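Heads up: the structure comes next, in structure tokens.
The values are calculated or read from the model by the stated rules, or taken from the named source; none is laboratory data. Small disclaimer: the values here were computed from a predicted structure and weren't measured. Positions of Cβ are generated from backbone atoms using ideal geometry, with glycine treated the same way; all protein chains shown enter the neighbour counts.
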Amino acid sequence: MRKLILCFLIFVSVILIYKFIYPNPRNWYDHYRYLAESFLAGRVDVPNLPIFYQDSLEYQGKKYLPFPPIPALILAPIIAVGKNTTQQQVSIIIGTLNAVLVFLLLKKFTKLINAFLLSIFFALGTVAFWSAVVGTTWYFAHNVALTFFFLSLITFKNKKYFLSGFLFSLAVLSRLPILLGIVFYILELKKDKINLLKFLSTATVCIPIMFFYNWLRFSNIFHSGYIEVYKSYLGIGYSISFFQSIYPNFPNFGYLDPRNIPLHLFTFFLMPPILSADKILPSPYGMGIIFTTPFLLLAFLPPFKKGLEKNLFIGAILIAFVDFLHYMQGWVQFGYRFLLDFLPFLLIVLAIRFRPKKLYILLLGISIAVNFWGVHWAIKLGW
């Protein structure tokens, strides 16, 4: 009963905050809604996509999106029933459900009250807050991926390995970098070959599905469209990275290039807000967790205990490594949105380490306060 009450409190409080902090969203950049409409019409191109929407490409006279399909498939039945339903409305519901899933996951690693506090931290003290309320294409993909990632980890803990692997595949088919997180599961099951095979049999389904989706669009299983989108950003006349905003002649590196890693490390950990004479504003290029989410730093403190803690950190690092290779640090954004790809692993580390000490509670409170500030300004600035 206590667990149900806490789930109810999380759901009600989070959805009310999400809804009332951004009651009149702009509903821009809802690529997945257009893709969902195309799926319902039996096609994979997006002929009705607004001309000013970036991150699209043309192939043989048709317009396509490079993104994997699951977020649009989630939207399809919803908009089939409620044609006026917006992507942002669905995003708020998914974001709220994710907060409940965090509680259900973390209670397996810590006390109920700690899991409750950490679920509130996730919902209001991390970039998940802005991601849920804005609901634009890039954030919507993160929100959907988190849902399936959390469900995969919950069912994995419950030893339902076929289901866990399938849910992991759905997470990957929402956000491709999550694929590297499979190493965590392999490390956890390396001494249990039968159950490892059960997990892998469904966890790798995402690969042929993505190949088939690529073939449907471009007649090439290895062609996703991301390279064309990357090229479209080159020479567009404005800075797409923080470094270019300081040094206009700073070069563009490759789509996935090790030379992009310093940009991401700086953005993830240290990127400061914008200071002026009369106000402090979030940077559109992102902000480091030392400012936005200082409580999360607890998950990075060594040593990491052998076994689960170490495996979680390895999984997080591998996903982060792929994200850090990306040519752009995420833009326009509050915080660092790529954190959401590997945040589930870090949340479990937090749950293992968390104790209701004054310092921890203070850092948790600061994280929530800063994210309220950031979401307020992101809305006001029209992000």
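Inside segment 322-359, can you point out the residues that are of a type in the set (S, T, Y) and crowded, with 22+ Cβ neighbours inside 10 Å? Passing the criteria: only Y336.
With the requirement that a residue be exposed (fewer than 13 other Cβ atoms within 10 Å of the Cβ) and either in a helix (DSSP H, G or I) or over 20 Å from the mean Cα position of the chain (by Cα) (or both), what does segment 37-74 give you?
Residues of segment 37-74 exposed (fewer than 13 other Cβ atoms within 10 Å of the Cβ): 41-42, 47-48, 50-52, 54, 58, 60-61.
If the condition is that a residue be exposed (fewer than 13 other Cβ atoms within 10 Å of the Cβ) and either in a helix (DSSP H, G or I) or over 20 Å from the mean Cα position of the chain (by Cα) (or both), then A41, G42, P47, N48, P50, I51, F52, E58, Q60, G61 are the ones that fit.
Here I186 passes the criteria (1) among the hydrophobic types (A, V, I, L, M, F, W, C); (2) farther than 25 Å from A72 by Cβ; (3) in contact with an Asp or Glu (Cβ under 6 Å, 6 or more places away or on another chain) except the one numbered (3). Residue-level analysis places Q60 outside the set of residues that are closer than 15 Å to G135 by Cβ, at pLDDT 95 or above and not small (G, A, S). Residues of segment 258-277 that are part of a strand (DSSP E or B) and either closer than 15 Å to V332 by Cα or of a type in the set (K, R) (or both): I274 alone.
Residue under question is A41, and the condition is that it be free of Cβ contacts under 8 Å to residues at least 60 places away in the same chain and more than 20 Å from A141 (Cα to Cα); does it hold? For A41, the condition - free of Cβ contacts under 8 Å to residues at least 60 places away in the same chain and more than 20 Å from A141 (Cα to Cα) - is met. Within segment 258-317, restricting attention to residues that are small (G, A, S) and free of Cβ contacts under 8 Å to residues at least 24 places away in the same chain, the residue that is surrounded by the most Cβ atoms within 10 Å (Cβ to Cβ) is G307. Out of S241, S245, one residue alone is at pLDDT below 95 and within 20 Å of the chain's Cα centre (by Cα). It is S241. Taking segment 229-257 as the range and being assigned to a helix (DSSP H, G or I) and exposed (fewer than 13 other Cβ atoms within 10 Å of the Cβ) as the test, the residues that pass are K231, I246. Among the candidates G374, G382, G365, single out the residue that is of a type outside the set (F, W, Y), in a loop (DSSP other than H, G, I, E, B) and more than 30 Å from L187 (Cβ to Cβ). After ruling out the rest, the residue left standing is G382. If you filter segment 163-196 down to residues that are within 14 Å of F148 (Cα to Cα) and of a type in the set (F, W, Y), you find that the one that is surrounded by the most Cβ atoms within 10 Å (Cβ to Cβ) is F168. Flag set for Y336, criterion: touching a helix residue (DSSP H, G or I) at 6+ places or on another chain (Cβ under 6 Å) and not charged (D, E, K, R). So which residues in segment 187-212 are touching a residue at least 12 places away in the same chain (Cβ under 8 Å) and acidic (D, E)? Residue satisfying the conditions is E188 alone. Filtered by the rule that a residue be at pLDDT below 95 and of a type in the set (F, W, Y), segment 286-340 gives F304, Y327, W331.
Taken over segment 308-336, the criterion of being in contact with a His (Cβ under 6 Å, 6 or more places away or on another chain) and under 19 Å from N371 (Cβ atoms) is satisfied by Q329 alone.
Which residues, counting only those in segment 265-283, are closer than 24 Å to I227 by Cα and in contact with a strand residue (DSSP E or B) (Cβ under 7 Å, 6 or more places away or on another chain)? The one that is closer than 24 Å to I227 by Cα and in contact with a strand residue (DSSP E or B) (Cβ under 7 Å, 6 or more places away or on another chain): T267.
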